[in-house]
Amino acid sequence: MHERERHRIILSAVQEKPVITIQDIAELTEASEATIRRDIAALHVQGKLRRVRGGAEAVHPAQLAPLAGRHFHVSESENADKKRAIAREAVALCEEGDAIIINGGTTTFQMVHFLASRRLQVMTNSFAIAEHLVKNSKSSVTVPGGAIYREQSIILSPFDNDVTRNFYGKRMFMGSQGVGPFGVMESDALIIQGEQKLINQADELVLLVDSTKFSRRSSLILCPLGRVTTIITDDGISDADRRMVEEAGVQLIVAKVQDKRRDSASVA
């Protein structure tokens with residue numbers, strides 16, 4: 001990872017906790033602890049954070065309590081090829097003029113690249129998705145009222161009186177922290193509250209999850225698996241997970257992930 005990218009992740013991470021340790025940052029950036037110490041020292045000299053024993057703290061701590069879960073920019077690069085293939089299949093379900101809801105997340109964000117030429121009516125609680133669609137598409141974009149959580153690039157409100165209840169979507173596209181027999185799982189109660197409001201405004205719920213999400217678990221359940229209309233995942237899904245989805249009566253779409261190594265070999 002480039003130094004500039006590490007610095008951006010570090011500065012984002014120190015806004016999440018009163019103090020973040022060198023070990024925590026090393027795990028986020030997949031860099032050595034020695035490298036992180038140098039990064040913290042450099043950012044300290046620049047006045048962008050405070051170096052403390054064993055870690056760093058923010059110069060200006062965030063006013064909002066942080067959400068559980070990984071940072072948007074950290075998760076964005078994880079399984080990127082799978083997420084892009086899944087997003088392509090999701091956009092293939094959309095027809096010109098459709099009203100859709102797109103929940104915030106790094107897999108759903110990949111949909112923006114395939115929506116550029118479409119003219120849709122989009123409701124999204126993702127600041128990143130809204131910004132990209134406004135700049136790079138013909139679609140109309142609606143966002144709910146609320147606070148912007150920078151780390152997850154998501155807009156959330158604890159109140160019911162936002163524009164969510166005035167928008168109807170043919171489909172809602174969303175990701176999740178995990179999927180299992182008990183249902184769709186998330187990591188934060190405030191995220192679940194926002195997602196449940198959006199789910200109620202759509203006829204169909206389409207879940208976009210890469211195959212690794214079937215082995216992940218969380219203590220919070222958003223909805224039972226039977227509430228989901230369609231699951232789109234990649235071709236790494238196991239036979240057992242296929243059966244689980246089918247037995248729940250959920251349509252399964254498997255996106256084929258391009259094998260870059262094979263393609264490179266064929267070009268050579």
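The values are calculated or read from the model by the stated rules, or taken from the named source; none is laboratory data. Because the structure is a prediction, the values reported are computed rather than measured. Here the Cβ positions follow ideal geometry from the backbone for every residue, glycine too, while neighbour counts run over all protein chains shown. Each accessible area value is taken on the protein alone, full model and side chains, heavy atoms only, with ligands, DNA and RNA left out. Shrake-Rupley method; radii C 1.70, N 1.55, O 1.52, S 1.80 Å.
When the residues of region 84-107 are filtered to those that are farther than 17 Å from V257 by Cα and out of contact with any Phe, Trp or Tyr (no Cβ under 8 Å at 6 or more places or on another chain), the one that is surrounded by the most Cβ atoms within 10 Å (Cβ to Cβ) is G105. Restricted to region 132-183, and to residues there that are in a strand (DSSP E or B) and free of Cβ contacts under 8 Å to residues at least 24 places away in the same chain, the residue that is surrounded by the most Cβ atoms within 10 Å (Cβ to Cβ) is V141.
Does A116 meet the test of being surrounded by fewer than 22 Cβ atoms within 10 Å (Cβ to Cβ), out of contact with any helix residue (DSSP H, G or I) (no Cβ under 9 Å at 6 or more places or on another chain), of a type in the set (G, A, S) and in contact (Cβ under 8 Å) with a residue 12 or more places away in the chain? Criteria not met by A116. When G183, G175 are checked against the criterion of being among the small types (G, A, S), touching a helix residue (DSSP H, G or I) at 6+ places or on another chain (Cβ under 8 Å) and under 23 Å from L120 (Cα atoms), a single residue qualifies: G175. The single condition from (1) farther than 23 Å from A13 by Cα; (2) free of Cβ contacts under 8 Å to residues at least 40 places away in the same chain; (3) loosely packed, with under 15 Cβ neighbours inside 10 Å that A189 fails is (1). As a summary of the residue check, L208 satisfies the conditions (1) open to solvent by 10 Å² or more (accessible area, probe 1.4 Å); (2) under 13 Å from F173 (Cα atoms) except for the one numbered (1).
Here's the yes/no breakdown for (1) of a type in the set (A, V, I, L, M); (2) in contact with a helix residue (DSSP H, G or I) (Cβ under 7 Å, 6 or more places away or on another chain); (3) more than 26 Å from D210 (Cα to Cα):
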| residue | (1), (2), (3) |
| --- | --- |
| T142 | no, yes, yes |
| Y168 | no, no, yes |
| R171 | no, no, no |
| Q193 | no, no, no |
| I199 | yes, no, no |
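Note on region 1-57: residues that are under 25 Å from the mean Cα position of the chain (by Cα), hydroxyl-bearing (S, T, Y) and open to solvent by 40 Å² or more (accessible area, probe 1.4 Å) amount to 1. Screening I231 against (1) under 15 Å from I86 (Cα atoms); (2) in contact with a Phe, Trp or Tyr (Cβ under 8 Å, 6 or more places away or on another chain) leaves a single unmet condition, (2).
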